[in-house]
Amino acid sequence: MLIKMTKASDIKSSEITPKAVFDDRRRFLKTAALAGLGFAAGSIAPSSFANEGRRKKLIGIEPSKWTQKSVGEKLTDYESVTSYNNFYEFGTGKQDPLTYAKDFNPKPWSVVVDGEVENPGTYSYEDLVNPHTLEDRVYRFRCVEAWSMVVPWVGIGLADMFKRFGPKNDAKYVAFETLNDPDRMYGQRRRVLEWPYREGLRMDEAMNPLSFMAVGLYGEELPNQNGAPIRLVTPWKYGFKSIKSIVRISFTKTQPPTSWNMSGPREYGFYSNVNPEKSHPRWSQAKERRIGEFLKRPSLMYNGYGEEVASMYVGMDLNKFY
Amino acid sequence: MTQDKLIQRVLKPLVWMLCLAPLLGLAGLAYTDGMTANPIEFLNRYLGEWALKFLLSALMITPLKIVTGWAGFTRFRRLLGLFAFFYAVLHLLSYVGLDQFFNWKDIWTDLIKRTYITVGLGAFIILAVLAATSTKNTIKKLGGKNWNRLHKWVYVAGFGGCLHFFMMRKGVQAEPLFYAGFLALLLIYRWLYYLKKQRQRAGKTAPAAL
């Protein structure tokens, strides 16, 4: 990783007007003018600026083979990726996470690693991340609600991180947990789900080259509403599998319980691989709306990552193991 | 100004404007990019929620009349009910025309496979029938008693609307429960009032039986 030496005379990054704000100044003026008229006051707080000033560039990022070119699609713009989120810990509305995660301070952060593993313990964020080189990975992201994005994540291959923990042969699954802290996570004051949020993968899924531990997006640290400071990304599964703000990683012998499966076992299975053939009681999964587009497009088996992942599910009845 | 004129010339136009305010609000949100990154979904949910709000407001009229003793409230019931139907029409149109883009095959699959959509359409059909029979002429044609009986279906529509909303959301979310709780409160109030009336009637007839 590059170490950047700073001189006292250097412009601090916090002093530089973020590009988005600069580009957005016209809209800001428009918004401000309307606010001045008292038009729909309150509802037009310019949400797009909530992030500004906190955005931190990550340095020393290496490219990976998962580039925008390899996906072959336009990136979903930063605004949409960071203002349209399902993160029920901060409220159930799509814009709630942006609003209510604003003051969430993810640092210092630590992650407990336990279970069937050679090197258990409490790892600080720095312990987890610093030994690795950060990678850029552009992945499709498909929500179970039939919308999707293309996101340039920054992070670490999950297998690389796990190799340092040394999972034992008995470790057949891995369980993840999100922070449970209603004082800091407003949405947890209501029992929409049984907190803490839990997710899990089969060991071979976790070690698949696609599985990714993200610490950033668009070359910057993860915004709070996207699961700061560290989250999972499994692009061939529905978005809810990509658990956010992880505080615990447990290696287990048996299949761990997962939040949405506990809440609605008929609707959400343990695997939750993107599967347009398997219709969901609430949403047909045959199509999806890419954020920013008008017409829906057909959804792809394994969200288009069949080449990398299909072999893990050979011989499994996907109607039963959904 | 007489009460009738006050209602006709001041209150009715005022309520009309209030009923159209959500559309103005929508225009404001559209102008300020306030419709989220998924405006089609946002529009659909926004219109649906307003349909439900107006439906519950129409159901609030009788309790309000009883509590305040002002009979003038009933003059606004049809207006609110028709606005509930108006927003329900827009809500449905946004689903058919924007979300599904007139893909009738997919719409049909949704209708038979996704229970919350079946329930929603049921509530919509009830509202359509009630809206179609809301004129003074139909009241005359059907007779007050029959018309009243038909329009009791509004409770079923209210229940259907709340259920539709609850089933659409993932997990146990607060907003749909709030709407359902409000509907329950209105119904409990009416029921208690009905019991009280019954007791009063029984009290009056009891001495005669002696």
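One table, with the values for the structure above:
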| quantity | calculated |
| --- | --- |
| Distance between modelled label sites at B:Leu18 and B:Asn103, nm, 7 Å Cα→Cβ extension | 4.1 |
| Residues whose placed amide H lies under 5 Å from that of A:Gly216, excluding near-sequence neighbours | A:Val154, A:Leu222 |
| Computed magnitude of the charge dipole of the protein assembly as shown (debye, nearest 20; Cβ of K, R +1, Cβ of D, E -1) | 3400 |
| Gyration tensor (alpha-carbon) shape descriptor, the range A:174-275, a/c threshold 1.5 | oblate |
| Accessible area of the range B:39-200 belonging to carbon and sulfur atoms, whole % at 1.4 Å probe | 72 |
| Whole-Hz ³J(HN,Hα) from phi, Karplus 6.51 cos²θ - 1.76 cosθ + 1.60, for the range B:190-204, glycine and proline x | 4, 5, 4, 5, 4, 4, 4, 4, 4, 5, 4, 5, 4, x, 6 |
| Anchor A:Lys57: lysines whose Cα lies under 21 Å away (excluding residues fewer than 8 positions away in-chain) | A:Lys4, A:Lys7, A:Lys12, A:Lys19, A:Lys102, A:Lys107, A:Lys244 |
| Positive-end extreme of charge dipole, chain B - chosen from B:Tyr116, B:Val172, B:Leu82 (charges on Cβ) | B:Leu82 |
| Amide H within-cut-off set for A:Ala171, under 5 Å, with H built and near neighbours excluded | none |
| Overall form of the range A:146-229 per C-alpha gyration tensor (a/c, 1.5; a/b vs b/c) | oblate |
| Most mobile of B:Leu177, B:Leu192, B:Leu64 in a GNM of chain B (Cα contacts under 10 Å) | B:Leu192 |
| J(HN,Hα) series, the range A:76-91, from Karplus relation 6.51 cos²θ - 1.76 cosθ + 1.60, nearest Hz, glycine and proline x | 6, 5, 3, 3, 5, 4, 9, 10, 10, 9, 9, 8, 4, 4, 10, x |
| Amide H partners (placed H, <5 Å) of A:Val247, local residues excluded | A:Glu177, A:Thr178, A:Leu179 |
| Contact order relative to length of the range A:56-313, as percent, for alpha carbon pairs under 8 angstrom and 6 or more apart | 22 |
| Measure of compaction for chain B (Cα Rg per 2.2 N^0.38 Å) | 1.19 |
| Where labels lie 7 Å past Cα in the beta-carbon direction, separation of A:Thr67 and B:Arg149 in nm | 7.5 |
| Pairs from B:Lys65/B:Lys196; B:Lys140/B:Lys204; A:Lys74/A:Lys163; B:Lys53/B:Lys113 whose Cα-Cα separation, in the structure shown, is over 25 Å | B:Lys140/B:Lys204; A:Lys74/A:Lys163; B:Lys53/B:Lys113 |
| Radius of gyration and maximum dimension Dmax of the protein assembly as shown, Cα, Å | 27.6, 103 |
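The values are calculated or read from the model by the stated rules, or taken from the named source; none is laboratory data. Quick caveat, the model's predicted, so the values are computed rather than measured. Here the Cβ is made from the backbone with ideal geometry for all residues, glycine too, and neighbour counts use every protein chain on show. These area figures cover heavy atoms from the full protein model, side chains too; ligands, DNA and RNA do not enter into them. Shrake-Rupley method; radii C 1.70, N 1.55, O 1.52, S 1.80 Å.
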